[in-house]
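Any read-out appearing in this document is the output of simple, stated calculations on the displayed coordinates, not a laboratory observation. As the structure is a prediction and not an experimental result, all values here were calculated from the model. So basically every Cβ, Gly included, is an ideal-geometry build from the backbone, and we count neighbours across all protein chains shown.
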Amino acid sequence: MQRFSLHDSSLQPEQLRRQLQDPTCGGYAAFEGWVRDYNDGRSVLRLEYEAFAPLAAREGERILIEAQHRYGVVRAACAHRTGQLAIGELAVWVGVSAPHRGEAFDACRYIIDQVKHRLPIWKKEYYQDGDSGWVNCERCAAAATPALGHAAHAAHEHSSG
Amino acid sequence: MSATELYGLLLTGGRSRRMQRDKAALEYGGKLQLARAMELLTPLVARCFVSIRADQLSDPQRAAYDTIADLRPDLGPIGGIHAALHAYPDHGWLVLACDLPFLDRATLEHLIARRAQARVATAYRSSFDGQPEPLCAIFEPRSLELIEQSLARSQQCPRALLARSDVELLDLPNPRALDNVNTGQEYAAAYAALGTPASGAPTIGAPARRRLTVRYFALLREQAGRSTEELETQADTPRQLYDELRQLRGLTLAPEFLRVAVNDEFGDWRSPLSDGDTVVFLPPVAGG
């Protein structure tokens, strides 16, 4: 199994955590991101995730390696959903195993934070009022002026929630 | 006859239809062409102005200089020259286009030294077609009347105006000095040639067309109405490609909000593209 993986059907945490078992590890920490029924004060009915798979896989792998080097954890893995998700479904799973709990917690936190900011994965929310929108994109689209920019700009960091 | 004081005029009101970008805002060696041209021109003339369209009055880059707005819209360069002569009819005007990145001081000094005030204008012979080059030329006060006659006949080509007028024609000391930049390809070549202060003589390559694949995701996929497309383009960099597609596909996200990936890896907006590359513009992400 790839340490970072994309799945278009339900994630299976019990299966995913098996790859982290290691006799040198005394601690295992996992994070599960679930689909919530509201965001930014709006009632959310369901979600859709879209990924640029080859780059998401590369960048996901890089994040896991960084976490291992940074925190000295032994094993780390992450799985992310694509496609349609209902409220309460598991959207992302992160798991790490380490000799002790401290580095396991820290690495887990690092991985999920980086995943949210760096992976080319997009989330569309479908709202109760019938509207829908791509999270973090719509306000940029609204801010965009019709005129082209002046001189070429360097790429900015992505804003992300 | 006594010397008529010389004023300078940088024409920046062009629509840049082929480039689809404001030529005055193109950068060479880390500096806007607008600033480069004004720095070149200012020490050589008594006063220096930026010629603008009326709708560019609020542009902060241009507003940093004295400006002269076109009196009538959509006349092209002759409208800018006309507005300047109309505003200061007792001065000669050294008129420059803002898409001449290779223009050097020696070329302007030679033009000024050979200025023939008794004639309508002093201009260089184009190294392409031998015709007078109107957009690096000195227009004398008497040219105002000829310009107004031309405009009255709806003749807007300044080159044709000079071709039928009494013009002092000079040979270019540096035949490449007036090479202009009209396309993304030409800009990339000029940018590369002028990008570093140590660069040697510029060479302009033949326009290259690349066959590229573009993949769209999320909001951009919806706006483009497709997940992927193959296209042939003269865009040299992802940034030029995005500007092209933004117009073509009606994409609303400004490039500042995006990142770019080339061949499944994060890329640079300004790195040259190669034939066969696959390019993805990444909207703001929201995983997790």
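Structure data summary
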| quantity | calculated |
| --- | --- |
| Amide H within-cut-off set for residue B:216, under 5 Å, with H built and near neighbours excluded | B:228 |
| A:62, B:270 arranged by Cβ crowding within 10 Å, fewest neighbours leading | A:62, B:270 |
| Computed FRET value (nearest 0.05) for residue A:40 with residue B:39, which takes r as the C-beta separation and R₀ as 30 Å | 0.05 |
| Shielding by partners - mean other protein chain Cβ count within 10 Å, residues of A:133-142 | 6 |
| Cβ-derived FRET efficiency at R0 35 Å, residue B:278 paired with residue A:100, nearest 0.05 | 0.20 |
| Summed side-chain charge close to residue A:3 - residues other than residue A:3 whose Cβ falls under 9 Å, Lys, Arg +1, Asp, Glu -1 | 0 |
| Convex hull volume per residue for chain A, taking Cα atoms only, in Å³ | 130 Å³ |
| Local electrostatic count at residue B:211 - Lys and Arg +1, Asp and Glu -1, tallied over other residues with Cβ under 11 Å | -2 |
| Which of A:25, B:98 has the fewest Cβ neighbours within 10 Å, and the rest in rising order | A:25, B:98 |
| FRET efficiency estimate (nearest 0.05) - Cβ-Cβ, residue B:163 to residue B:248, R0 51 angstrom | 0.90 |
| Peptide B:233-239, shielding by other chains (average Cβ, 10 Å cutoff) | 1 |
| Shape call, the stretch B:119-264: gyration tensor on alpha carbons, a/c limit 1.5 | prolate |
| Rounded, prolate or oblate (a/c below 1.5 giving rounded, otherwise prolate when a/b exceeds b/c) for the stretch B:1-154 by Cα gyration tensor | rounded |
| Distance in nm between pseudo-label sites at residue A:24 and residue A:109 (7 Å out along the Cβ direction from Cα) | 2.5 nm |
| Distant-in-sequence amide H partners of residue B:172 (H built 1.01 Å from N, under 5 Å) | B:125 |
| Reference-scaled alpha-carbon Rg (2.2 N^0.38 Å with N residues) for chain B | 1.13 |
| Nitroxide proxy distance, nm - points 7 Å out along Cα→Cβ at residue A:14 and residue B:31 | 7.0 nm |
| Cα gyration tensor shape of the stretch B:32-99, rounded if a/c is under 1.5, else prolate or oblate by comparing a/b with b/c | oblate |
| Relative counts (whole %) of C-alpha pair distances in the protein assembly as shown, using bins that are 10 Å wide | 4, 18, 22, 18, 14, 11, 8, 5, 1, 0 |
| Highest-fluctuation residue, A:63, A:112, A:87 considered, GNM on chain A with Cα pairs under 10 Å | A:87 |
| A:116, B:31, A:123 arranged by Cβ crowding within 10 Å, fewest neighbours leading | B:31, A:116, A:123 |
| Other protein chain Cβ atoms within 10 Å, averaged over every residue that makes up A:53-60 | 4 |
